[in-house]
Amino acid sequence: MRLQQMIERLKASNCRITPQRYAVLNVLGSSSDHPSAENIHAKLIEHYPTMGLATVYKAIHLLKREGEILELEFSDLGNSG
């Protein structure tokens, strides 16, 4: 399972799996698309009202550093005109 793989990788790097971090991992692990940090935050804010967007970005950064996810950047050039 993808979620378990991400958790094991972070634990192997001595990263704590906080409830908020687990929630971000869960959204990413169960997502069939490529959610943005803002989308992840919007999905979680109801259950974690004190979670800031920075928490989501930090979790994404950790996963990126560990090679578990890739960051996709889109240009708005295709949206002109």
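Among the residues of this structure, Met1 does not count as one that is at pLDDT 90 or above and farther than 20 Å from Glu71 by Cα.
Which one of these is surrounded by fewer than 13 Cβ atoms within 10 Å (Cβ to Cβ), over 16 Å from Met6 (Cα atoms) and not hydrophobic (A, V, I, L, M, F, W, C): Gly67, Gly52? Steps first, answer last, please.
Working: Gly67 fails: over 16 Å from Met6 (Cα atoms).
None of the others qualify; the one that does is Gly52.
Name the one entry in Glu38, Glu8, Glu71, Glu46 that is touching a helix residue (DSSP H, G or I) at 6+ places or on another chain (Cβ under 9 Å), of a type in the set (Asp, Glu) and modelled with pLDDT of 85 or more.
Working: Glu8 fails: touching a helix residue (DSSP H, G or I) at 6+ places or on another chain (Cβ under 9 Å); Glu71 fails: modelled with pLDDT of 85 or more; Glu46 fails: touching a helix residue (DSSP H, G or I) at 6+ places or on another chain (Cβ under 9 Å).
It is Glu38.
The values are calculated or read from the model by the stated rules, or taken from the named source; none is laboratory data. No experiment lies behind these values; they were computed from the predicted model shown. All Cβ positions, glycine included, derive from the backbone under ideal geometry; neighbour counts span all protein chains shown.
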